[in-house]
1. Which of C87, C15 comes first, and how do the rest follow, when ranked by fewest Cβ neighbours within 10 Å?
2. Which shape class applies to region 18-82: rounded if a/c is under 1.5, otherwise prolate when a/b exceeds b/c and oblate if not, where a ≥ b ≥ c are the square roots of the Cα gyration tensor eigenvalues?
3. Ranking M67, M77 by Cβ neighbours within 10 Å, fewest first, what do you get?
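Rule-based calculations on the coordinates, nothing more; no lab input. Just so you know, these numbers come straight off a predicted model, no measurement behind them. Glycine gets a Cβ as well: all are built from the backbone with ideal geometry, and neighbour counts include every protein chain shown.
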Amino acid sequence: KVLHIYRVQHTPLFCYTCVFPTVSPHDCIHFPVKCPPEQLCLSSRAVGRRGDFQVVLYERSCVLSSMCGVTGQKYTMDLNFTFTNTCCDSNLCNTALTSAAPDWTGSVITLALALRLW
């Protein structure tokens with residue numbers, strides 16, 4: 001098991017979120033929210049299976065650090081879901097952008113949010 005250590009956040013983070021779990025990791029990038037203090041950004045992936053049928057759902061949100069690095073299983077809607085939670089601790093770090101995107105993308109979005117909110 002891998003131990004993840006995150007810095008304690010006293011200033012709230014901005015993270016991407018989904019209203020509902022989505023079937024594409026790109027559907028959540030339009031909904032940044034300000035998280036409660038000491039919460040981190042979450043990216044979660046769940047694979048549901050029943051026989052030969054498979055569906056993958058993605059979720060993004062703010063969570064307590066105790067939910068980070070968690071892998072587990074849930075049974076719902078007649079499907080067995082295996083989920084994996086991954087967290088990060090910088091503004092808008094739970095983006096769905098590919099690694100081909102420039103590193104400055106999150107900084108530009110963060111700056112735009114800061115200017116709009118202040």
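1. The most exposed by this proxy come first: C87, C15.
2. oblate
3. M77, M67
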